[in-house]
1. Could you grab the relative contact order for the chain? Cα pairs under 8 Å, six or more apart, rounded to a whole percent.
2. Using the alpha-carbon atoms, what tilt in degrees (0 to 90, nearest 10) does helix 10-40 show relative to the longest principal axis of the chain?
3. Would you kindly calculate the translational diffusion coefficient of the chain, applying Stokes-Einstein with the Kirkwood radius from alpha carbon pairs, for 25 °C and a viscosity of 0.890 mPa s, and quote it in µm² s⁻¹ without decimals?
4. Assuming 0.36 nm per residue, please report the length gained on full extension of the stretch Leu76 to Leu52 beyond their Cα-Cα distance.
5. Net charge within 14 Å of Leu9 by Cβ-Cβ distance, Lys/Arg positive one each and Asp/Glu negative one each, not counting Leu9 itself?
6. Work from the charge dipole of the chain (Cβ charges, +1 for Lys and Arg, -1 for Asp and Glu, about the Cα centre) and give the residue of Ala61, Ile81, Gly41 farthest towards its positive end.
7. How tilted is helix 45-84 with respect to the longest principal axis of the chain? Cα atoms for both, answer in degrees (0 to 90, nearest 10).
Amino acid sequence: MFRKAEPKLARGFEVIERDHDALHAALERLAMRANDVLQSGPRGAGAIRSALGRLHAAQVALSPELGRHLDDEEDLVVPLILERGETALFSTG
């Protein structure tokens with residue numbers, strides 16, 4: 001839809017689209033690490049610290065990826081929506 005609205009930005013929209021897959025995988029890893037923390041309690045303080053370390057590492061890895069993606073969307077998608085309006089971009093007709 002965005003490529004059709006602004007063909008000269010097609011490459012940028014493709015990058016954003018690919019980012020969604022990478023971000024989905026990173027968010028799944030973050031959720032798994034959070035679940036590890038929740039399940040580590042019965043195994044003791046060492047297990048909790050270890051699980052928290054892995055959760056922190058997943059958060060640190062996600063942060064720049066997510067920030068870059070949101071910046072890209074702000075630079076490409078938001079101006080199109082503001083310029084053309086949601087109705088014009090998102091209508092199926």
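Throughout, read-outs are computed from the coordinates displayed, never taken from laboratory work. Predicted, not measured: the structure shown is a model, and the values here were computed from it. No Cβ is skipped: glycine too gets one built from the backbone with ideal geometry, and neighbour counts run over all protein chains shown.
1. Over the chain, the number comes to 36 percent.
2. Computed tilt is about 20 degrees.
3. Translational D for this selection: 157 µm²/s.
4. The span from Leu76 to Leu52 would gain 5.1 nm if fully extended.
5. -3
6. Of the candidates, Gly41 comes out farthest on the positive side.
7. 10 degrees
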